[in-house]
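Data first, discussion second: the structure below is written as structure tokens.
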Amino acid sequence: KSVMEKVNAHSGVAVSSADFEQVVSTNIERDIQNELVLAPLFREIPMTSANMIIPILPDSGYAEFTGNQTATGSSPHGNLAQRGDTYGSAYGGIDLTERTLSTKKLISQSFLGNETEEDAIMPILPLIRESMVRSHARGIENAILVGNHADGTYGTSGASFDGLVKLAVSDSNTTTSGTAFASDSLTALKLLAARKAMGKYGMNPSEVVYIISQTGYYQLLEDAEFQDANLVGDMATKLNGEIGQVFGSRVLVCDEFAAAATGKYHALAVYPRNYVMPRLRGVTIESDYEVANQRRVLVASQRIGFTDLIDSADSVHA
């Protein structure tokens, strides 16, 4: 056997096929997989039905300074008002609003024929299962960022929920660079300008997260504000995709932005606490054998959503 394994065209004995000299490794080498960083940013809300209503309490207005024995205003509101009402005249009380949470179904399917299992020298089923789970994770990542938007994989037909870019566009919370695309670069000051546009939602730097594209990250590395060793040091962990901080806010690289081009988004600032991910059920991976088709079918599915709690808030700027 050792002679047969080593024999080749340069020996005195020729073999019928070069396959005698080949050994196939059962260790799978994987291509680089970019970190998926968006889903852990947002709070998940478990649901027990297809839709769930969450009451939203607005901020209050101002109490009244008075020398009288009683306050101004009549029953039932008295002088209680909510933020935005005119002090002294519009005592309209506190009006609860509501947000309806719903989910979308995410599903992937694959088949494994009998011949594949019989002929393969390595187990194929675990590889298919792993790829299906990864496809779900990538689908959620893309939908959170550019769901229901032209830059996203799922288009604008409403197949997926609205992503961060779509929500920012709907509320006109976007900035277009006035610099020509060929000479434009992302800088720390531009990220700060996006945070500034968020108003009260951008006040606390530790609660703001910058999400940028891979191209934007390399441009950011050339910016002096981002090059300090104390900003891109031990915080640059591979586990959560964090690659540094800008003015006290984390910077995450997301691979789901559209390719850099004119009219494409490449960075956003977000206040994650204003967003939730309703989940009706977790990921289920099921398999069944089809006798007539001589194959095994695998299906992975889940029902998940994404929305903002305070509608039309300046909690994201793209």
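The values are calculated or read from the model by the stated rules, or taken from the named source; none is laboratory data. Being a predicted model, the structure only gives us computed values, none of them experimental. Using ideal geometry, Cβ is built from the backbone for each residue, glycine included, and neighbour counts are taken over all protein chains shown. Areas reflect the complete protein model, heavy atoms only, side chains present, ligands, DNA and RNA absent. Shrake-Rupley method; radii C 1.70, N 1.55, O 1.52, S 1.80 Å.
Assorted remarks:
- Calculated accessible area for the chain comes out at 60 Å² per residue, all protein chains present (probe 1.4 Å; ligands, DNA, RNA ignored).
- The range 67-77 - phi-based ³J(HN,Hα) in whole Hz, Karplus 6.51/-1.76/1.60, Gly and Pro as x: x, 7, 6, 10, 7, 6, x, 10, 5, x, 7
- Amide hydrogen proximity for K104: with H placed 1.01 Å from N in the peptide plane, the residues at 5 or more positions away or on another chain lying under 5 Å are I304, G305.
- Where F247, F181, F226, F161 fall by accessible area, highest first, once all protein chains stay in place (1.4 Å): F181, F247, F161, F226
- Gyration tensor verdict on the range 175-218 (Cα atoms; rounded if a/c is under 1.5, prolate if a/b is larger than b/c, oblate otherwise): oblate
- Largest first, the extents of the alpha carbon coordinates of the range 274-318 on the three principal axes equal 55, 22, 10 Å.
- Ordered from highest to lowest accessible area with the whole protein assembly present and a 1.4 Å probe, D85, D151 read as D85, D151.
- Applied to the range 308-318, the Karplus parametrisation 6.51 cos²θ - 1.76 cosθ + 1.60 on θ = phi - 60° returns per-residue 3J(HN,Hα) values of 8, 7, 8, 5, 6, 6, 7, 8, 8, 9, 9 Hz, with x for Gly and Pro.
- Amide H to amide H distances under 5 Å link G92 with Q82, where only residues 5 or more positions off or on other chains count and H is placed in the peptide plane.
- Computed accessible area, L220, all protein chains, 1.4 angstrom probe, square angstrom: 0 Å²
- Amide proton proximity set for E44, modelled H, under 5 Å, gap of 5+: M277
- For the range 120-193 versus the range 278-310, the gap between their alpha-carbon centres in whole angstrom: 21 Å
- The simple spin-label model puts a point 7 Å past each Cα toward its Cβ; for E44 and Q214 those points are separated by 2.7 nm.
- Using a Gaussian network model of the chain in which every pair of alpha carbons under 10 angstrom is joined by a spring, one finds that among E141, E29, E222 the greatest mean-square fluctuation is at E29.
- Summing charges over all other residues whose Cβ lies under 14 Å from the Cβ of S213, with Lys and Arg as +1 and Asp and Glu as -1, gives -4.
- Overall form of the range 85-188 per C-alpha gyration tensor (a/c, 1.5; a/b vs b/c): oblate
- Accessible surface of the chain [probe 1.4 Å, protein heavy atoms]: carbon and sulfur percent: 52 percent
- Distance distribution P(r), the chain, all Cα-Cα pairs, bin width 20 angstrom from 0: 24, 42, 25, 7, 2, 0 percent.
- The heavy atoms of D255 offer some 70 square angstrom of accessible surface to a 1.4 angstrom probe.
- In the assembled protein chains, V246 presents an accessible area of approximately 0 Å² (probe radius 1.4 Å).
- Solvent exposure, largest accessible area first (probe 1.4 Å, DNA, RNA and ligands not counted), of M132, M203: M203, M132
- R0 of 25 Å, Cβ-Cβ distance S312-L189: FRET efficiency to nearest 0.05: 0.40
- Rounded if a/c under 1.5, otherwise prolate or oblate - the range 241-312, Cα gyration tensor axes: prolate
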